[in-house]
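All remarks here apply to the structure that follows.
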Amino acid sequence: MVKINIADIRQEYTKGGLRENELPGDPLSLFSRWLQEAIDAEIDEPTAVIVGTVSPEGKPSTRTVLLKGLHDGKFIFYTNYESRKGKQLEQNPHISLSFVWHALERQVHIEGIATKVPPEESDEYFRKRPYKSRIGARISPQSRPIKSRMQLIRAFVKEAAHWIGKEVERPGNWGGYAVTPNRIEFWQGRPNRLHDRFLYILKENGEWQISRLAP
């Protein structure tokens, strides 16, 4: 077996910089630009975001979902409300989102409050999903133990047969969350580990306060 000393893995960051005098007052403007640049660079899964929630016991947990919207300053994603993250958000709406675009040597870390989007918005998005994804959303007991993959396949086939020739309805336990941010950090890799880190904090008057953080 080949032994790898991960402590010796090194990479120099040289692909860009982030200058304070070029920062917009609204962090959503900068995020939108970075996201578009990640999409234009054809990065794998540019909308993938690591979602962090907290259990009632104060234990953090993370998982990856896909960003599906950025509306009115809120980050939108969809999931099963009865999943682990859904149950934790019901108890504690504080949430973190982390985007990591290695190819561009960039990261964005967001903290805020999650609320369910209106049912009609979840309905609208659900209708746009591929047919098989809609069926999968209806039959998956997300985050809960199952006996086998065959259990899922059988449930999928049965549910698909039920909806032949009909519009697949969104299940009530599936829908969107809108995350209202109050803290956003932008990280740009730089040589010699002297990275650029800028933090936006939302003040009570609705304005964003910007500060540079040590790398």
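The values are calculated or read from the model by the stated rules, or taken from the named source; none is laboratory data. Predicted, not measured: the structure shown is a model, and the values here were computed from it. Here the Cβ positions follow ideal geometry from the backbone for every residue, glycine too, while neighbour counts run over all protein chains shown.
None of E105, E185, E121, E207 is of a type in the set (D, E), closer than 20 Å to T64 by Cβ and touching a Gly at 6+ places or on another chain (Cβ under 9 Å) except E105.
Looking at region 3-28 only, could you name the residues that are at pLDDT below 95, assigned to a loop (DSSP other than H, G, I, E, B) and of a type outside the set (S, T, Y)? Give the derivation first.
Filtering region 3-28 down to residues at pLDDT below 95 leaves 3-22.
This time we only want the ones that are assigned to a loop (DSSP other than H, G, I, E, B), so: 3-5, 9-19.
Hits for region 3-28 are K3, I4, N5, I9, R10, Q11, E12, K15, G16, G17, L18, R19.
Among the residues of region 44-59, which ones are farther than 19 Å from T115 by Cα and more than 15 Å from the chain's Cα centre (by Cα)? Matches in region 44-59: E57, G58, K59. Is it the case that some residue within region 42-49 is in contact (Cβ under 8 Å) with a residue 40 or more places away in the chain and farther than 23 Å from N182 by Cα? Among the residues of region 42-49, at least one is in contact (Cβ under 8 Å) with a residue 40 or more places away in the chain and farther than 23 Å from N182 by Cα, which makes the answer yes.
Hey, any hits in region 184-203 for a residue that's within 24 Å of the chain's Cα centre (by Cα), β-branched (V, I, T) and either surrounded by fewer than 11 Cβ atoms within 10 Å (Cβ to Cβ) or at pLDDT 95 or above (or both)? Don't jump to the end; show me each part of the working.
From region 184-203, those within 24 Å of the chain's Cα centre (by Cα) are 184-189, 195-203; that's our starting set.
Within this subset, residues satisfying the condition of being β-branched (V, I, T) are 184, 201.
Within this subset, residues satisfying the condition of being either surrounded by fewer than 11 Cβ atoms within 10 Å (Cβ to Cβ) or at pLDDT 95 or above (or both) are 184, 201.
Among the residues of region 184-203, at least one is within 24 Å of the chain's Cα centre (by Cα), β-branched (V, I, T) and either surrounded by fewer than 11 Cβ atoms within 10 Å (Cβ to Cβ) or at pLDDT 95 or above (or both), which makes the answer yes.
Scanning region 29-50 for residues that are aliphatic (A, V, I, L, M) and in a loop (DSSP other than H, G, I, E, B) yields A41, I43. The residue that is surrounded by the most Cβ atoms within 10 Å (Cβ to Cβ), counting only those in region 116-166 that are polar (S, T, N, Q) and within 24 Å of A178 (Cα to Cα), is S122.
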